[in-house]
Structure formats: structure tokens, C-alpha cells
Amino acid sequence: MLDGRARITRPWSPRLVLSGSWLTLLVAAALLAPWIAPKDPLAQDLFLGRMPPFWATGAEPGYYLGTDSLGRDVLSRILFGARLALTVALIAGSLTCIIGATLGLMAGFLRGRVDVLISRMIDIWMAFPPVLFSILLIAVLGPGLISIIIAIVVIDWTRFARVIRAEAMAQGAMDYVASATVAGRTRLSTMLTEILPNVLPTIVVLLTLEMGISVIVEAILSFVNLSISTDDPTWGGMIAEGRTSVYQAWWVLVFPLVTLFLTVLSFSQLGEGLKDRYDPVLR
Amino acid sequence: MSFLSIRNLSASLKGRPDRILRAVSLEVAAGEVRGLVGESGAGKSMIGKAVLGTLPQSVVITGGQIILDGTDLLTLPPAVRRTRIGQLCALIPQDPLTALNPSRRIGPQITNRLVDILRWSRRDAQTRARDLLAEVQISDPDRVMRSYPHELSGGMRQRILIASAFAAEPKLIVADEPTTALDVTVQKQILKLIADMQARHGTAILFVTHDLGVVSKVCQSLSVLYAGLVLEDTSIRDFFAGPRHAYSRALLAATPKYTDPDGSLTPVPESVIAATRAEVAAADDAMSDRGRNV
């Protein structure tokens, strides 16, 4: 017999549907970019420079979102830019999550020397200004996809470690952990079966947030020209180029910016939405 | 031979001289219910935690023995100790709201213990869990086993925890203030349930509480603690007939009376506290002297 509390049904919330749709669209665009992009993203045509988007007067047919100052198609470049953005988001986000959450879980649950060591590392890490740190790292490692991923993981693992450590500490003080200990469980097994499921909702939220942040970091690095080779289209690179001609051709700046904005927003909303829907305990 | 025998157990905070337990000795015979009373911070929960091996990392045991079923737990290697405690002991925790894992269903939380400790088959464990839930008067065990903790009320969760504690047929249960977090009406049911289950299963219980009313209902013997020192170790009948120690007398006098619900509370007199403190200091001196002689 359950108590009088109503069974709560959880519909797909608008935030989950909207953010999910945008990200699905983006993943599809990234995967299918070579086939669906209307133009070659690298093809320059100086006679077609700074053409406005399709609804404005003077638009060139076929160039739906206009062209930049070198006559390259903005839409095609955004589609191809999504490939790099999403690759970085997925790989860097997951790696950061795995490393940060593992360290945080160990620090928060095992405590003692492990905690002291990891916590001091977090403190030292967080004393570095992150953007400067990433630029420095890329400068040392040299530009490229792998360098971007390494930079994000190296800088952002503390974000996970700090939060998950606090959560694991809070959960570790609960009586059900004591019960598991009395029942003869090892520390490791207690950590994985009792603590991990309870910090998982937080991990999911942080992971999606981190994916959004990775997209931004990648854009920042492209903006300062430290991302992958300058030939490949990136959102950050497009924003940097668009900035120089914003009074003559706003669309070169605005479209990649809006795409970036929606993507980062969608990632964070996806995390919240998933938590609301699947966390067994409504908090 | 007692089932649990604690001898001269001392504990203090790691890296600091502050003593938490001062040469505590007590015995729990098989099937006996021993109460452990004292005010907040007297170390009563710490004794329970020391037995179960769940002391916080900041507390270290500095001396003494915890002899469980003939073996001193403190001399065993950690892994062996853990299994031994798991086979012989269980815990009824204080707060039923935090004692069940919120993200796992009830059923596995009861059966996992049976499968892990006693190597039962899943199906046997399921049947056993269902029987136990029925035994603690839960009317729809199957449905409850599929529920998450937050879907159940506090009293229900405490009954589940009691069922879970008795599930592996332990020889000793540490009940750490099992009724403190419940409201008074539920408290009475839960106490009766623990007493019934104890009588039926013949389990020894170390019953930690600050409530002498609770002690009088379920315990056969009693240890009174102050600042980690056992002041009095007596049977329930002797205690309620007239405690020997001045602090115990004051504690008994401080219990609110049902017959006089509007009467003002009687605090433990300053003089008694001062005398008891002096006794604690004397015990400390005696301990450090012994340390010097050895």
C-alpha cells in the first residue's frame, strides 16, 4: 500500500522537446553536411562577396543565408562548422565528465589522503584564469582538434570534480551508506552501487552543460585563430570574420552567433529536462 | 560468555587529545536487549558505530577490545572484519528518511544483503523479503518492493528497515535511536514491532537512545554514559527501583512525567554535573597513570 501521494506522470516537457529537436537537427546536419550543404563551404567567389540572405533585396539565388566577404556560402559553412563543434562537444565533454566525476567521487567518498590530494589539485587548478590557460596550452601543444580537446579536459575537469565531490560527501553521510558498510560491502562496491546512482542526475546535468561549454571554448579558440587549420569552417572563425564587416554584412556575424547560442542553450536545457524526466526523486 | 563484550574501549579524535570513549566496558548476552543512554555527545552512538565498523574517519580507537562471538574484531584484518560484521550484525538506523537509497527500489535493497552475505539465490531472497515485509505488517509487500523510498511514509520506511535488519537473521542488531525521527504515535508502534521481532527471532540488541521511557519498554539491562564514561551498568529493574549513581538519579528525575504534563522540566542539577565531570577527570588521570606505569 502506497501513501496518498498522487502518482506523478512526467510528460515530455517543452524544454526537452525543443532542445532535443534542435540538437537532433544539428547532429543530422553535421553528419549529412557534405550532401545537404548547398555550396562548397570553401569555394570563394569574389564577385559574390557579401550577398545578403534570401529574403533581402539583392540576394543571390542558392545562397540562402548570404555570403561572407570572400563570397563563401554562410549556410554551408555553418553546417560544416557543426561537425567540429559537435565532435568537440561529445569527445571533450565526455572525457571531462569521466575524469572529473571519477576524481570527485573518489575525493568525496573515500575522503582522507585521496581527498586532500585531489582537493588541493582543484584549488591550484582553479587559480589559473581558464581562457588564458587554454590559449597557453594550445600555444604549447600547437593548434588542432586533439589540442582543443586536451585543453578543455585539462581545464574543465575541476568543474565536475568540485560538484561531484560535494554531492558524494553529502550522500556518504547518509545512513544507507552505513547500512551497506555493515552489510559487508567493500568501499569500492558501495561507491559504485550506492553513491553513483544518486549523483548520476547531477553528472548528466553537468555533462550536457560541459558539452555546451566545450562548444563555446572551441568557438573562443577559433575566434583567436588557435583552433584547427584556418581553412576549415568553424563557428568561432566565422564570428571573428563577421565581426570585421558587421556594418556592411551583419548576416556573416549573426547567423553563426545565433547557431552557437541556440546550441549551447539546448545543451544546458537538455540536461535539466532529462533530469526532470528521469531522476526518480523529484528535488 | 556474552555474545558481545566490549572491554576498556577508548577512542579519541584523530590527531587530538580529546577523548570520545573512556575505557568503556559492557556486555550483551545472546538474545539480550541492552539500552545505552546518555545525553547528546555522550558517545552512545559512537559505541554502536565502533561495533559495526562505521566510525567516522576523524575518530580513532586508541585501545580496548570488541569481542564479538569470541573474536576480537579490532585484531582482524579489515576485509575479514567486514565480512564477520556483515554475517553477525545489522543496523536499525535513526532516520528512516535517509537510510534507504533514494535512487533504488525497496526490493533489491533488502534482497541484496541476503544475496551478498548469505549467498542466497535471488528467488529465495525475494520470497524471504516478502515474508519479512508481511511480518512487519506491510499490507502489500509486492507493490512496496517495487516502490522507491520517496513513495512511502516515514513509519513505513522504518518498518522496512526493521524487516531489512532482521532479514539476514543477525545475532546482534545495533538500533541507533530508531524512534527519534518519528512522531510519537508512530514511535509506539515501531517500539512494539522491534520488541516483537526481537522476541520472535531471539536477536540481541544494543539499543541506543536518550529516552528512558523507551528503555523501560524494550530493554533488560542498561548502561548510562556521560562524556564517554560508563557511570552505571545495571539491570532495568534495579535502575527503575533506584539508580545508584547521582547522575542517573538526576537523569531519571529529568524525564517528563505523563502524570504531570504541564509541569516544568527538571534539569540535571549543576552540582551533579560538576561531580560527574570530576569523576570523568579522575578516570582520565587513572588511565594516563596506567599508561605511564606500562
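Throughout, read-outs are computed from the coordinates displayed, never taken from laboratory work. Computed from a predicted structure; not experimentally measured. No Cβ is skipped: glycine too gets one built from the backbone with ideal geometry, and neighbour counts run over all protein chains shown.
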Just from its helices, what would the mean residue ellipticity at 222 nm be for the protein assembly as shown, if runs of 4 or more DSSP H residues each count -39500 (n - 2.57) and the sum is divided by every residue, rounded to the nearest 500 deg cm²/dmol? -18500 deg cm²/dmol
Would you list which lysines come within 16 Å of B:LYS192, measuring only between C-alpha atoms, while excluding same-chain residues fewer than 8 positions from it? B:LYS217
State to the nearest 20 debye the size of the charge dipole of the protein assembly as shown about its Cα centre, where the only charges are +1 on K and R beta carbons and -1 on D and E beta carbons. 980 debye
Scoring chain A by relative contact order with C-alpha pairs under 8 Å, at least six apart, yields a percentage of 24 percent
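Where Rh denotes the Kirkwood radius from the mean inverse Cα pair distance, what is Rg over Rh for segment B:213-253?
Rg/Rh for segment B:213-253 comes to 0.93.
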May I ask for log10 I(q)/I(0) of chain B at q = 0.16 Å⁻¹, from a Debye sum over the Cα atoms as equal point scatterers with solvent left out? -1.34
Average beta-carbon neighbours from other chains, 10 Å sphere, peptide B:102-108: 4
Per residue convex hull volume, Cα atoms of segment B:49-120, in Å³: 122 Å³
Across the alpha-carbon set of segment B:11-97, Rg over Rh with Rh taken as the Kirkwood radius works out to 0.94
Chain B: antiparallel bridges as % of DSSP beta bridges, rounded to 5, reads 55 percent
Between the helical axis of A:14-36 and the dominant principal axis of chain A, each derived from Cα atoms, what acute angle in degrees is found, rounded to the nearest 10? 50 degrees
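If you count, for each residue, the other Cβ atoms within 10 Å and average over each peptide, how do A:203-215, B:209-221 line up from highest to lowest?
A:203-215, B:209-221
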Over the alpha-carbon set of segment A:32-91, work out the extent along each principal axis and list the three values in angstrom, largest first. 41, 21, 18
Work out the P(r) tail for chain A: percent of alpha carbon pairs separated by more than 27 Å, whole number. 51 percent
Would you compute the Debye intensity of the protein assembly as shown from its alpha-carbon atoms alone, equal scatterers and no solvent, and pass along log10 I(q)/I(0) at q = 0.05, 0.09, 0.11, 0.12 Å⁻¹ to two decimals? -0.35, -0.81, -1.02, -1.13
Counting other C-beta atoms within 10 Å, which of A:GLU167, B:GLU279, A:GLU218, B:GLU169 has the fewest, and how do the rest follow? B:GLU169, B:GLU279, A:GLU167, A:GLU218
Cross-link partners of B:LYS188 among aspartates and glutamates (Cα-Cα below 14 Å; sequence separation of 8 or more within a chain): B:GLU177, B:ASP196, B:ASP211
Fewest Cβ neighbours within 10 Å first, please rank B:SER235, B:SER153 accordingly. B:SER235, B:SER153
Taking B:LYS14 as the anchor, which lysines have their alpha carbon closer than 30 Å to its alpha carbon, excluding any fewer than eight residues away along the same chain? B:LYS44, B:LYS49
Tilt, helix B:270-293 to longest principal axis of chain B (alpha-carbon atoms), in degrees rounded to tens, equals 90 degrees
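Which whole number in µm²/s is D for segment B:237-283 by Stokes-Einstein, with the Kirkwood Rh taken over Cα pairs at 4 °C and 1.567 mPa s?
It diffuses with D of about 109 µm²/s by this estimate.
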Can you give the Kirkwood hydrodynamic radius for segment B:134-173, in Å, rounded to one decimal and based on Cα pairs? 10.8 Å
Cα-centre dipole for chain A with unit charges at Cβ (Lys and Arg positive, Asp and Glu negative), debye to 20: 800 debye
10 Å Cβ neighbours from other chains, averaged over peptide B:83-95: 3
Please compute the contact order of segment B:4-293 in relative form: average sequence separation of alpha-carbon pairs under 8 Å and at least six residues apart, divided by the residue count, as a percent. 24 percent
Tilt of helix B:154-167 relative to the longest C-alpha principal axis of chain B, in degrees (0 to 90, nearest 10)? 90 degrees
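Using the Cα atoms as the points, what is the convex hull volume per residue of segment A:244-283 in Å³?
57 Å³
Can you list which of the trypsin sites (Lys or Arg not before Pro) found in segment B:228-294 are DSSP loop residues with at most 10 other C-beta atoms within 10 Å?
For trypsin sites (Lys or Arg not before Pro) across segment B:228-294 that sit outside H, G, I, E and B with at most 10 neighbouring Cβ atoms in 10 Å, the list reads B:LYS257.
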Taking the dipole of chain B about the Cα centre (Lys, Arg +1; Asp, Glu -1; charges at Cβ), the one of B:ALA181, B:VAL268, B:GLY38 that reaches farthest to the positive side is B:ALA181
Report the local net charge at B:ARG34: Lys and Arg +1, Asp and Glu -1, summed over other residues whose C-beta lies under 12 Å from its C-beta. -2
With charges only on Cβ, +1 for K and R and -1 for D and E, what is the dipole size of segment B:4-293 about its Cα centre, in debye, rounded to 20? 960 debye
